[in-house]
Amino acid sequence: MNGKKVFVIGGGPAGLAAAIAARLEGFEVSLADPRQPPIDKACGEGIMPDGVEILSHLGVRLTGAEAFLFNGIRYIEGGIVAETHFRGTPGLGVRRTVLHDALHRRAREVGVDLLWGHKVHEVGDGFVVLDCGSRPTDWIIGADGVGSRVRLKLGLDTSPISQRFGVRRHYRIEPWCDLVEVYWSTGCEFYVTAVSDNEMCVAALTGDRHLKFDTALARFPRLAQRLGSAPVISDTLGGVSIYRRSRTVVKGRVALLGDASGSVDAITGEGVALALHQSMALARALKQGDLEHYQADHGRIMGLPNCMTSMMLSINQHTWLRRLTLCSLSIIPGFFALLIAIHTRAYSKLRIGRVEPGNPGGPGGVSGWHGRPAGDCQPSGNPAA
């Protein structure tokens, strides 16, 4: 069971992180994806602090011009404002293509065999069949997203619990805050994340697949006024946010990872961080030669985010409950801080599903990221600390 060849199907951030983690454990790793890098996706482009630590452990490097540190979260609905700051490590706002390019560079650097533009047609016992031929392998990782063909072939497919739709665009504007801002309304939310010192990612999430970006933005006059006449510098990109739970993510020598293994609604902001935690757990299980360890770790990693997703979707669906919750969080900021600390696995007594990434400031880590407060934001301490 201790074979050294690993084949990763899917070259998004989850697949690349898994390939890097396995390579760092000494495995021979190949990765195939029919697309060409950098691969984009409609998302809020924020990575929670625990995900930032794992990126550092994997040796993924970004320069200060490529990303922006954020120090907490602010919720806004009408005149209600609730905000809190992270304990310790900041989060990271980074364009999806920039993140993918950084992971791609690191995968090449550690020696992953990258097969871009090649599609996997069949998964067998000890081999995969691509359009360029058959490849022998000891372990297979299915990281091919929410519509995973690997999951379907293994007979592990499950029905989504909920499905919503997102649209995203970028504005050329100086960040007015070092917090991720979430603007709430009935049937729609907006997520605003600085991804550089002169660029903001603005993403809408809704249950109405026909809702247009500008129509949705008109519901949020405060945000629209903030953006003003700032130029749009990217295409408006759409995507699907699916909440799906998977009880089984391992079958034989095949393991599912990232959205292929079950996904949370984008309302949690946890997508990338969860995939990074899973990558570390899977690499550890491969080293032990037993994927059942990954099955157990996966359940622990997803337990809290699944609970958080259910809770936040429930709050989102009921206006009175949402406003009551936001009022409570604004009145009791210490409770909000505690919830976020638990959510980002920073609370030492409740490290649920945490994968210890080692020393984030050690050799090979990221450097040069920065955040800058502006406008009405009052962060605590130095945002780049």
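Every number in this text was worked out from the coordinates using simple rules, so none of it is lab data. For clarity, every value in this text was computed on a predicted model and none was experimentally measured. Counting neighbours? That spans all protein chains shown, and the Cβs are built from the backbone with ideal geometry, glycine included.
Figures for the structure shown
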{"item": "Debye equation applied to the C-alpha atoms of segment 177-243, log10 I(q)/I(0) at 0.18, 0.19, 0.20, 0.27 Å⁻¹", "result": "-0.72, -0.80, -0.89, -1.55"}
{"item": "Under 5 Å, built H, 5+ apart or other chain: amide partners of CYS177", "result": "ALA374"}
{"item": "Segment 260-306: relative contact order as a whole-number percent, Cα under 8 Å and 6+ apart", "result": "39"}
{"item": "Angle between the chain longest axis and helix 49-58 axis [Cα atoms, degrees, rounded to 10]", "result": "30"}
{"item": "Potential lengthening between TRP320 and ASP125 on full extension [0.36 nm per residue; Cα-Cα distance subtracted]", "result": "64.9 nm"}
{"item": "Rounded to 5, the percent of DSSP beta bridges in the chain classed as antiparallel", "result": "70"}
{"item": "Net charge over other residues, Cβ less than 12 angstrom from the Cβ of LYS119 (K, R count +1; D, E count -1)", "result": "-2"}
{"item": "Equivalent-ellipsoid semi-axes of segment 1-103, from the Cα gyration tensor, Å, largest first", "result": "31, 16, 12"}
{"item": "Angle in degrees between helix 271-288 and the longest Cα principal axis of the chain, rounded to the nearest 10", "result": "30"}
{"item": "Exposure proxy order (Cβ contacts within 10 Å, fewest to most) of VAL146, VAL29, VAL195", "result": "VAL146, VAL195, VAL29"}
{"item": "Residues THR215, THR89 arranged by fewest to most Cβ contacts within 10 Å", "result": "THR215, THR89"}
{"item": "Solution diffusion estimate, µm²/s, Stokes-Einstein, segment 262-307, Kirkwood Rh from C-alpha pairs, 10 °C, viscosity 1.306 mPa s", "result": "145"}
{"item": "At 1.002 mPa s and 20 °C, Stokes diffusion of the chain via Kirkwood alpha-carbon radius, µm² per second", "result": "102"}
{"item": "Kirkwood-type radius of segment 171-317, with distances r between different C-alpha atoms, in Å", "result": "17.4"}
{"item": "Gained length - ASP101 relative to ARG284, 0.36 nm times residue gap less alpha-carbon distance", "result": "63.4 nm"}
{"item": "All Cα pairs of segment 128-193, percent lying beyond 17 Å", "result": "68"}
{"item": "Crossing angle, helix 319-331 versus the chain [Cα axis fit, 0-90 degrees, rounded to tens]", "result": "80"}
{"item": "Efficiency of FRET between SER234 and GLU292 - r from beta-carbon atoms, R0 45 angstrom, step 0.05", "result": "0.55"}
{"item": "Helical mean residue ellipticity (222 nm; -39500 (n - 2.57) per DSSP H run of 4+; nearest 500) of the chain", "result": "-10000 deg cm²/dmol"}
{"item": "Packing-based order for 37-49, 8-20, using average beta carbon neighbours within 10 Å, highest first", "result": "8-20, 37-49"}
{"item": "Taking segment 103-142 and dividing mean pair separation by its residue count, relative contact order in percent (alpha carbons under 8 Å, at least six apart)", "result": "23"}
{"item": "Cβ-derived FRET efficiency at R0 35 Å, ILE342 paired with LYS4, nearest 0.05", "result": "0.40"}
{"item": "Relative contact order %, segment 166-241, counting alpha carbon pairs below 8 Å whose residues are six or more apart", "result": "42"}
